[in-house]
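The values are calculated or read from the model by the stated rules, or taken from the named source; none is laboratory data. These numbers were taken from a predicted model, which means no experiment stands behind them. As a convention, Cβ positions derive from the backbone with ideal geometry for all residues, glycine included, and neighbour counts pool all protein chains shown. When the accessible area is computed, the model is the full protein with side chains, heavy atoms only, and any ligands, DNA or RNA have been set aside. Shrake-Rupley method; radii C 1.70, N 1.55, O 1.52, S 1.80 Å.
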Amino acid sequence: DELYRLAQAQEIAEGISRRAFESIVSKINNDKFDDDDILITVFNPSKYERNEVINLKIDLPREEYVTEYTIEDLDGRELEMYEYDSSNINMASINAENRPKNVLCERVDVDLLVKDVPSFGYKTFKLKRQKALHSLNKDRQAFANPVSPYNPIGKCPNMLDNGLLCIMVDQNGTIKITDLETGFTYAGLNVFTDTGSSGDMWIHREPVHNQTITSYGCNADISLIRNSCLSATLKI
(Lines give C-alpha, C1' and ligand atoms only; values in the text may rest on other atoms or scores of the structure.)
Protein backbone atom coordinates (compact mmCIF):
# COMPACT_ATOMS: atom_id res chain seq x y z
CA ASP A 1 0.00 0.00 0.00
CA GLU A 2 3.01 2.32 0.20
CA LEU A 3 2.65 3.56 -3.39
CA TYR A 4 -0.94 4.58 -2.66
CA ARG A 5 0.10 6.38 0.55
CA LEU A 6 2.82 8.28 -1.34
CA ALA A 7 0.34 9.23 -4.06
CA GLN A 8 -2.02 10.59 -1.39
CA ALA A 9 0.80 12.58 0.23
CA GLN A 10 1.77 14.03 -3.16
CA GLU A 11 -1.85 14.99 -3.94
CA ILE A 12 -2.34 16.66 -0.54
CA ALA A 13 0.96 18.58 -0.86
CA GLU A 14 0.08 19.83 -4.34
CA GLY A 15 -3.38 20.90 -3.16
CA ILE A 16 -1.97 22.83 -0.20
CA SER A 17 0.65 24.49 -2.44
CA ARG A 18 -2.00 25.49 -4.98
CA ARG A 19 -4.21 27.05 -2.30
CA ALA A 20 -1.22 28.89 -0.82
CA PHE A 21 -0.30 30.33 -4.24
CA GLU A 22 -3.92 31.34 -4.86
CA SER A 23 -4.02 33.09 -1.47
CA ILE A 24 -0.82 35.03 -2.21
CA VAL A 25 -1.95 35.98 -5.72
CA SER A 26 -5.30 37.28 -4.40
CA LYS A 27 -3.42 39.74 -2.16
CA ILE A 28 -1.14 41.19 -4.89
CA ASN A 29 -2.12 44.75 -5.78
CA ASN A 30 -3.01 44.68 -9.47
CA ASP A 31 -5.09 47.86 -9.50
CA LYS A 32 -3.14 49.34 -12.41
CA PHE A 33 -4.32 46.53 -14.70
CA ASP A 34 -7.69 46.25 -16.46
CA ASP A 35 -10.14 43.50 -15.53
CA ASP A 36 -9.65 42.09 -19.02
CA ASP A 37 -5.87 41.67 -18.60
CA ILE A 38 -4.37 38.19 -18.22
CA LEU A 39 -1.55 38.13 -15.65
CA ILE A 40 0.98 35.36 -14.98
CA THR A 41 2.74 35.18 -11.60
CA VAL A 42 5.90 33.08 -11.27
CA PHE A 43 7.11 32.02 -7.81
CA ASN A 44 10.69 31.28 -6.75
CA PRO A 45 10.93 29.06 -3.62
CA SER A 46 14.76 29.10 -3.68
CA LYS A 47 17.02 31.25 -1.52
CA TYR A 48 18.70 32.77 -4.59
CA GLU A 49 17.53 34.78 -7.59
CA ARG A 50 16.71 32.64 -10.62
CA ASN A 51 16.73 32.86 -14.41
CA GLU A 52 15.01 29.83 -15.87
CA VAL A 53 12.99 28.35 -18.72
CA ILE A 54 9.57 27.31 -17.39
CA ASN A 55 6.75 25.45 -19.07
CA LEU A 56 3.30 27.04 -18.93
CA LYS A 57 -0.21 26.02 -19.87
CA ILE A 58 -2.00 29.29 -20.70
CA ASP A 59 -5.78 29.37 -21.11
CA LEU A 60 -7.04 31.91 -23.66
CA PRO A 61 -10.82 32.62 -23.73
CA ARG A 62 -12.09 30.80 -26.79
CA GLU A 63 -14.66 33.45 -27.66
CA GLU A 64 -11.87 36.01 -28.15
CA TYR A 65 -10.39 34.14 -31.15
CA VAL A 66 -6.85 35.23 -30.18
CA THR A 67 -4.71 35.64 -33.30
CA GLU A 68 -1.44 36.64 -31.64
CA TYR A 69 -0.08 37.01 -28.13
CA THR A 70 3.11 37.96 -26.32
CA ILE A 71 4.21 37.94 -22.68
CA GLU A 72 5.87 41.06 -21.22
CA ASP A 73 7.33 42.10 -17.90
CA LEU A 74 5.86 45.09 -16.11
CA ASP A 75 8.34 47.39 -17.86
CA GLY A 76 7.01 46.35 -21.27
CA ARG A 77 9.95 44.13 -22.26
CA GLU A 78 8.86 41.11 -24.27
CA LEU A 79 9.99 37.72 -22.95
CA GLU A 80 11.43 35.01 -25.16
CA MET A 81 8.80 32.34 -25.69
CA TYR A 82 8.12 29.26 -27.81
CA GLU A 83 4.68 27.68 -28.40
CA TYR A 84 4.57 23.92 -28.87
CA ASP A 85 0.90 23.10 -29.14
CA SER A 86 -2.68 24.23 -28.48
CA SER A 87 -5.97 22.48 -27.77
CA ASN A 88 -9.57 23.37 -26.89
CA ILE A 89 -10.72 22.58 -23.34
CA ASN A 90 -13.66 23.25 -21.01
CA MET A 91 -12.51 24.42 -17.58
CA ALA A 92 -16.08 24.02 -16.15
CA SER A 93 -16.20 26.73 -13.48
CA ILE A 94 -17.81 25.73 -10.16
CA ASN A 95 -19.17 28.54 -7.95
CA ALA A 96 -20.58 27.99 -4.45
CA GLU A 97 -23.21 30.70 -5.06
CA ASN A 98 -24.24 29.74 -8.58
CA ARG A 99 -24.68 26.78 -10.89
CA PRO A 100 -21.68 25.30 -12.74
CA LYS A 101 -21.01 26.76 -16.15
CA ASN A 102 -18.85 26.15 -19.18
CA VAL A 103 -15.60 28.08 -19.49
CA LEU A 104 -14.35 27.32 -22.99
CA CYS A 105 -10.65 28.03 -23.52
CA GLU A 106 -7.83 27.46 -25.93
CA ARG A 107 -4.97 26.00 -23.88
CA VAL A 108 -1.51 26.74 -25.28
CA ASP A 109 1.63 24.87 -24.23
CA VAL A 110 4.61 27.25 -24.15
CA ASP A 111 8.14 27.50 -22.84
CA LEU A 112 8.98 30.90 -21.35
CA LEU A 113 12.34 32.37 -20.33
CA VAL A 114 11.91 34.31 -17.07
CA LYS A 115 14.71 36.33 -15.52
CA ASP A 116 15.50 37.97 -12.19
CA VAL A 117 12.78 36.24 -10.15
CA PRO A 118 13.72 37.22 -6.56
CA SER A 119 14.56 34.66 -3.88
CA PHE A 120 11.57 33.50 -1.83
CA GLY A 121 9.49 35.84 -3.98
CA TYR A 122 7.55 36.20 -7.17
CA LYS A 123 7.34 38.16 -10.38
CA THR A 124 4.23 39.07 -12.38
CA PHE A 125 4.03 39.20 -16.16
CA LYS A 126 1.31 40.40 -18.52
CA LEU A 127 -0.05 38.51 -21.50
CA LYS A 128 -0.87 40.85 -24.40
CA ARG A 129 -3.21 39.46 -27.05
CA GLN A 130 -4.86 40.44 -30.30
CA LYS A 131 -8.46 39.35 -30.78
CA ALA A 132 -10.52 38.60 -33.89
CA LEU A 133 -14.23 39.27 -34.34
CA HIS A 134 -14.98 35.78 -35.65
CA SER A 135 -13.40 32.36 -35.81
CA LEU A 136 -13.08 32.79 -39.57
CA ASN A 137 -10.72 35.71 -38.94
CA LYS A 138 -8.52 33.70 -36.59
CA ASP A 139 -5.32 32.69 -38.33
CA ARG A 140 -2.59 32.52 -35.71
CA GLN A 141 0.75 31.64 -37.25
CA ALA A 142 2.90 29.09 -35.48
CA PHE A 143 5.84 31.48 -35.90
CA ALA A 144 4.08 34.85 -35.66
CA ASN A 145 7.27 36.60 -34.53
CA PRO A 146 10.03 34.57 -36.20
CA VAL A 147 13.60 34.93 -35.00
CA SER A 148 16.26 34.38 -37.65
CA PRO A 149 18.36 32.35 -37.59
CA TYR A 150 16.33 29.75 -35.70
CA ASN A 151 18.77 27.93 -33.43
CA PRO A 152 17.15 24.93 -31.71
CA ILE A 153 18.96 23.08 -28.92
CA GLY A 154 18.23 19.68 -30.46
CA LYS A 155 20.61 19.36 -33.40
CA CYS A 156 19.56 15.83 -34.41
CA PRO A 157 17.55 12.96 -32.83
CA ASN A 158 20.42 12.00 -30.48
CA MET A 159 22.20 15.30 -29.81
CA LEU A 160 21.51 18.40 -27.67
CA ASP A 161 23.73 21.51 -27.67
CA ASN A 162 22.85 24.77 -25.92
CA GLY A 163 26.28 26.37 -26.21
CA LEU A 164 27.29 25.34 -22.67
CA LEU A 165 26.77 21.58 -22.69
CA CYS A 166 26.72 19.08 -25.55
CA ILE A 167 24.85 15.81 -24.95
CA MET A 168 25.24 12.80 -27.23
CA VAL A 169 23.23 9.60 -26.88
CA ASP A 170 24.85 6.44 -28.24
CA GLN A 171 22.79 3.71 -29.88
CA ASN A 172 22.85 1.60 -26.70
CA GLY A 173 21.25 4.45 -24.71
CA THR A 174 24.37 5.62 -22.86
CA ILE A 175 24.92 9.35 -22.58
CA LYS A 176 28.06 11.43 -23.11
CA ILE A 177 28.08 14.99 -21.75
CA THR A 178 30.74 17.49 -22.81
CA ASP A 179 31.30 20.75 -20.94
CA LEU A 180 31.94 23.14 -23.83
CA GLU A 181 33.66 25.69 -21.57
CA THR A 182 36.23 23.27 -20.09
CA GLY A 183 36.24 20.58 -22.77
CA PHE A 184 35.80 17.88 -20.11
CA THR A 185 33.66 14.89 -21.13
CA TYR A 186 31.62 12.57 -18.92
CA ALA A 187 31.02 9.32 -20.83
CA GLY A 188 29.15 6.09 -20.17
CA LEU A 189 26.29 7.66 -18.23
CA ASN A 190 22.80 6.14 -18.03
CA VAL A 191 24.01 2.52 -17.97
CA PHE A 192 21.59 0.09 -16.34
CA THR A 193 23.04 -2.86 -14.42
CA ASP A 194 21.37 -5.79 -12.69
CA THR A 195 22.92 -8.53 -10.61
CA GLY A 196 21.71 -11.64 -8.81
CA SER A 197 20.76 -11.91 -5.14
CA SER A 198 20.16 -14.93 -2.94
CA GLY A 199 19.44 -12.87 0.16
CA ASP A 200 16.16 -11.73 1.67
CA MET A 201 14.38 -8.39 2.07
CA TRP A 202 17.02 -7.16 4.56
CA ILE A 203 20.23 -8.69 3.26
CA HIS A 204 21.77 -8.61 -0.22
CA ARG A 205 23.78 -11.77 -0.80
CA GLU A 206 25.35 -12.67 -4.14
CA PRO A 207 24.61 -16.17 -5.44
CA VAL A 208 27.52 -18.57 -5.90
CA HIS A 209 27.35 -18.32 -9.68
CA ASN A 210 26.54 -14.66 -10.07
CA GLN A 211 26.14 -12.72 -13.29
CA THR A 212 25.91 -9.00 -13.96
CA ILE A 213 23.74 -7.88 -16.87
CA THR A 214 24.13 -4.39 -18.34
CA SER A 215 22.40 -2.31 -20.99
CA TYR A 216 25.63 -1.84 -22.98
CA GLY A 217 24.49 -4.34 -25.61
CA CYS A 218 20.99 -2.91 -25.97
CA ASN A 219 19.62 -1.18 -29.04
CA ALA A 220 17.90 1.88 -27.59
CA ASP A 221 14.93 3.68 -29.14
CA ILE A 222 15.95 7.37 -29.19
CA SER A 223 13.73 10.28 -30.24
CA LEU A 224 13.67 14.06 -29.95
CA ILE A 225 10.21 14.81 -28.56
CA ARG A 226 10.46 18.58 -27.79
CA ASN A 227 12.76 21.09 -29.39
CA SER A 228 13.14 24.85 -29.48
CA CYS A 229 15.77 27.52 -28.91
CA LEU A 230 14.77 27.51 -25.20
CA SER A 231 14.38 23.84 -24.33
CA ALA A 232 14.73 20.36 -25.78
CA THR A 233 13.90 16.86 -24.56
CA LEU A 234 15.26 13.50 -25.68
CA LYS A 235 13.38 10.29 -24.96
CA ILE A 236 15.49 7.15 -24.60
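Just a few scattered comments:
- Ligands, DNA and RNA left out, the 1.4 Å accessible surface of the chain is 51% carbon and sulfur atoms.
- FRET efficiency, residue 156 to residue 53 (Cβ-Cβ, R0 30 Å, nearest 0.05): 0.90
- Rounded accessible area per residue of the chain, 1.4 Å, Å²: 72 Å²
- The H on the amide N of residue 226, modeled in the peptide plane, is under 5 Å from the matching H of 233, each at least 5 residues off or on a different chain.
- Hydrodynamic estimate: the Kirkwood radius of the stretch 34-80 over Cα pairs, inserted into Stokes-Einstein at 25 °C and 0.890 mPa s, corresponds to D of 184 µm²/s.
- Kirkwood hydrodynamic radius over Cα pairs of the stretch 1-85, then Stokes diffusion coefficient at 4 °C and 1.567 mPa s, in µm²/s: 79 µm²/s
- Using every pair of separate Cα atoms, the Kirkwood estimate puts the hydrodynamic radius of the stretch 76-215 at 21.8 angstrom.
- Full extension of the segment from residue 1 to residue 91, taken as 0.36 nm per residue of separation minus the current Cα-Cα distance, would add 29.1 nm.
- Cut-off 18 Å (backbone N to label point 7 Å along Cα→Cβ of residue 109), residues of the stretch 64-88: 81-88
- From its DSSP helices (H runs of at least four residues, each -39,500 (n - 2.57)), the chain gives a residue-normalised ellipticity at 222 nm of -4000 deg cm²/dmol.
- Span per principal axis, largest first, for the Cα atoms of the stretch 179-232 (Å): 51, 29, 25
- Two-decimal Rg/Rh across the stretch 1-143, once Rg and the Kirkwood Rh are taken from alpha-carbon atoms: 1.00
- Using a probe of 1.4 Å, the accessible surface attributed to residue 4 totals some 150 Å² when neighbouring protein chains are kept in position.
- In degrees, nearest ten, helix 2-26 long axis to first principal axis of the chain (Cα): 30 degrees
- Span from the the stretch 158-181 Cα centroid across to the the stretch 42-68 one, whole angstrom: 28 Å
- Across 47/123; 155/235; 27/115; 101/131; 32/123, pairs whose alpha-carbon gap is larger than 19 Å: 27/115; 101/131
- Projecting label points 7 angstrom from Cα along Cα→Cβ for residue 14 and residue 32 puts them 3.5 nm apart.
- Most to least accessible of 178, 233, 193 (protein chains only, probe 1.4 Å): 193, 233, 178
- In plain terms, the chain from residue 99 to residue 70 could stretch by 7.1 nm, reckoned as 0.36 nm per residue minus the Cα-Cα distance.
- Cβ-defined net charge surrounding residue 61, 10 Å radius [Lys, Arg +1; Asp, Glu -1]: -2
- Between residue 181 and residue 213, the distance separating the two model label sites (each 7 Å from Cα on the Cα→Cβ line) works out to 4.2 nm.
- Taking 0.36 nm per residue of separation and subtracting the current Cα-Cα distance, fully stretching the chain between residue 127 and residue 189 would add 18.3 nm.
- Within the chain, longest stretch clear of exposed trypsin sites (Lys or Arg not before Pro) (DSSP loop, no more than 12 other Cβ within 10 Å): 78-204
- Residue 198 sits among other residues whose Cβ lies under 11 Å from its own Cβ, and their net charge, with Lys and Arg +1 and Asp and Glu -1, is -1.
- Karplus-derived 3J(HN,Hα), 6.51/-1.76/1.60, for each residue of the stretch 224-236, Hz, glycine and proline x: 9, 9, 9, 7, 7, 6, 9, 7, 8, 9, 9, 10, 10
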